[in-house]
Amino acid sequence: MRPLSADRILQIWEIGQSQHPIDRALTLLTFACPDRTAQELASLSIGQRDAYLLTLREMTFGSKINGFAECPQCSEQLEFAMNVGDIRIVELVEPQAQQYSLVAEEFELQFRLPNSWDLAAIVGYQDVGAANLQLIERCLLQVSRDGVAVNYSELSASAIAQLASQMLECDPQAEILFDLNCPACNHSWQVLFDIVVFFWKELSVEAKRLLREVHQLARFYGWRETDILSMSAMRRQFYLDMVSDG
Ligand SMILES: [Zn+2]
């Protein structure tokens, strides 16, 4: 994996404008992992995808994460800081199909973990329950009872619920919750950290900042965009300081 250069940040930002977050995540990883095929990256479990994205974020913008939240009780605006290392709870693994098994009631289940293809398949669903069931059905590889294969439709609701929680347990990075406490009213609650949304916001801010830098330097010195972007951030800043000093 390689960090995102200024030039690649702009390319990704441009491509991602018209993309769904699932595809934005894959665009980011495609640029970061040129030795992986798009197929391989899309086959990463969602937890693994997010661990890769956290690592890429760390390589590109550093390990410190600053976030904002609003207290659901008193609307106080909170600022919080954490490190990538605090929320990346799994090691990165090679993209490969892994099979898991679970015994739920009288059923033996073989399953895999949800990946980007699976998320893409449920994008159009309005009903969260139906979407989750579809996700589980897609990831279920085999169901048997007493060694005899049976149909998915024979599974009881509680066996499906056990499978859903087992899937999450096998892919803990897929859902990162952290605790917040409001200093104004002392209310405590949990927030879901979505690295795709978070990283994309940061990347958009950075892309616009880079474009402004190109604009200033190109106007002043007449340099080409590619030349300006290929400079180190330190060198660009040095010239920008001189431009603003007049
Ligand atoms: Zn509060």
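Within segment 43-66, residues that are assigned to a helix (DSSP H, G or I) sit with their Cβ atoms under 9 Å from residues that are open to solvent by less than 10 Å² (accessible area, probe 1.4 Å) and among the aromatic types (F, W, Y), at 6+ positions apart or across chains, in these pairs: L53/F199; L54/F199; L56/F199; R57/F199; T60/F199; F61/F199. The residues in segment 160-206 that are closer than 25 Å to G85 by Cα and either in a helix (DSSP H, G or I) or away from the ligand (no atom under 16 Å from the Cβ) (or both) can be counted, and the count is 29. Across segment 45-73, which residue is least open to solvent (accessible area, probe 1.4 Å) among those that are within 16 Å of the ligand (Cβ to nearest atom) and more than 29 Å from L113 (Cβ to Cβ)? Filtering first and then ranking leaves C71.
Across segment 216-239, the number of residues qualifying as over 33 Å from the mean Cα position of the chain (by Cα) and assigned to a helix (DSSP H, G or I) comes to 7.
Restricting segment 1-40 to residues that are free of Cβ contacts under 8 Å to residues at least 12 places away in the same chain, within 27 Å of Q96 (Cβ to Cβ) and in a loop (DSSP other than H, G, I, E, B) leaves a set whose member that is most open to solvent (accessible area, probe 1.4 Å) is D35.
Counting the residues of segment 74-110 that are more than 16 Å from the ligand (Cβ to nearest atom), small (G, A, S) and part of a loop (DSSP other than H, G, I, E, B) gives 1. A121 falls short on exactly one of the conditions (1) open to solvent by less than 60 Å² (accessible area, probe 1.4 Å); (2) away from the ligand (no atom under 16 Å from the Cβ); (3) under 23 Å from V191 (Cβ atoms), and that condition is (3).
Right, E213: touching a Leu at 6+ places or on another chain (Cβ under 8 Å) and modelled with pLDDT under 95 or not? Criteria not met by E213. Picking from residues in segment 160-180 that are open to solvent by 60 Å² or more (accessible area, probe 1.4 Å) and among the acidic types (D, E), the one that is farthest from F111 (Cα to Cα) is D179.
Output the number of residues of segment 60-79 satisfying the condition of being touching a Gly at 6+ places or on another chain (Cβ under 9 Å) and closer than 28 Å to S232 by Cβ.
Number satisfying all stated conditions: 1.
Residue selection: Q96 satisfies the criterion of being at pLDDT below 95 and closer than 24 Å to R138 by Cα. If the condition is being open to solvent by 60 Å² or more (accessible area, probe 1.4 Å) and assigned to a helix (DSSP H, G or I), then segment 128-159 contributes V128, N132, L133, E137, R138, S153, E154, A157.
Condition check ((1) among the aromatic types (F, W, Y); (2) open to solvent by less than 70 Å² (accessible area, probe 1.4 Å); (3) touching a Ser or Thr at 6+ places or on another chain (Cβ under 9 Å)) across all residues:
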| residue | (1), (2), (3) |
| --- | --- |
| L192 | no, no, no |
| F198 | yes, yes, no |
| R209 | no, no, no |
| V214 | no, yes, no |
| L217 | no, yes, no |
| F220 | yes, no, no |
| E225 | no, no, no |
| L229 | no, yes, yes |
| M234 | no, no, no |
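The values are calculated or read from the model by the stated rules, or taken from the named source; none is laboratory data. Here the structure is a predicted model, which is why all the values come from computation and not from measurement. So basically every Cβ, Gly included, is an ideal-geometry build from the backbone, and we count neighbours across all protein chains shown. Side chains included, ligands, DNA and RNA excluded: accessible areas come from the protein's heavy atoms. Shrake-Rupley method; radii C 1.70, N 1.55, O 1.52, S 1.80 Å.
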